[in-house]
Amino acid sequence: MVGVSTVQHLTTDQLDAGVDHVRASPSDAGTVEMIVRRPEVGEREVLDEAELLVGEGVRGDNYLARGSTQTDDGAAHPEAQLNVMNSRALDLVAGGDRGRWSLAGDQLLVDLDLSVENLPVGTRLSLGTAVIEIAAKPHNGCAKFAARFGQDAARWVNRDKHERRRGLNAIVVQPGVVRAGDVIKKL
């Protein structure tokens, strides 16, 4: 089980001081910095590589089994197969501790500008041999995120929605394998 350590959470002012570094993320091609699978609620596995499957997301992730409170029947939300977060934003809220990145709960942590301006809904990205598409469903910081990174961090990632500091949701449109260190680029 992933534990929440007793680390010092950053203040809004400290987070704001690092925003220019986040905004300097590459816009056309970046890097897959980390891949995380969530086999069970509260569990995280950092992977060297993962298979991305259409309709399922990361093979072995609990996306389908977990379901969603945002669908009428409780089934997994079709636009939330993958959660993608900018690694610079996450590194900032994690206080520079890469060992805490998996706590965010996102499967793909990437060094790429995820802003709405750079990646509008429907944009496709290639990574490894897979292709994903940006979904319309927003990805927001939740109570779990606040508990792990602090209230200021949760407000900070949700404050400027157009920057998508908390990340975005995506779907797999071409199955394939992705590895940590692979290039992720706009198609």
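No value in this document is a laboratory result; all are computed from the given coordinates. Since we're looking at a predicted model, the values are computed, not measured. All Cβ positions, glycine included, derive from the backbone under ideal geometry; neighbour counts span all protein chains shown.
Numbers at a glance
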quantity: For the chain, calculated [θ]222 nm from helices alone, where every DSSP H run of n ≥ 4 adds -39500 (n - 2.57); calculated: -5000 deg cm²/dmol
quantity: Length gained when the stretch residue 177-residue 151 is fully extended (0.36 nm per residue, less Cα-Cα span); calculated: 5.8 nm
quantity: Separation of the residue 161 and residue 187 label points, Cα + 7 Å toward Cβ, nm; calculated: 2.8
quantity: Distribution of pairwise C-alpha distances over region 38-106, 5 Å bins, in %; calculated: 3, 16, 23, 23, 18, 12, 4, 1
quantity: Within-11-Å neighbourhood charge of residue 22 [Cβ basis; K, R +1; D, E -1]; calculated: -3
quantity: Relative contact order for the chain, counting Cα pairs under 8 Å that sit 6 or more residues apart, in percent; calculated: 32
quantity: Under 5 Å, built H, 5+ apart or other chain: amide partners of residue 139; calculated: 169
quantity: Antiparallel DSSP beta bridges within the chain, percent to nearest 5; calculated: 90
quantity: The chain - charge dipole about Cα centre, Lys and Arg +1 at Cβ, Asp and Glu -1, debye rounded to 20; calculated: 200
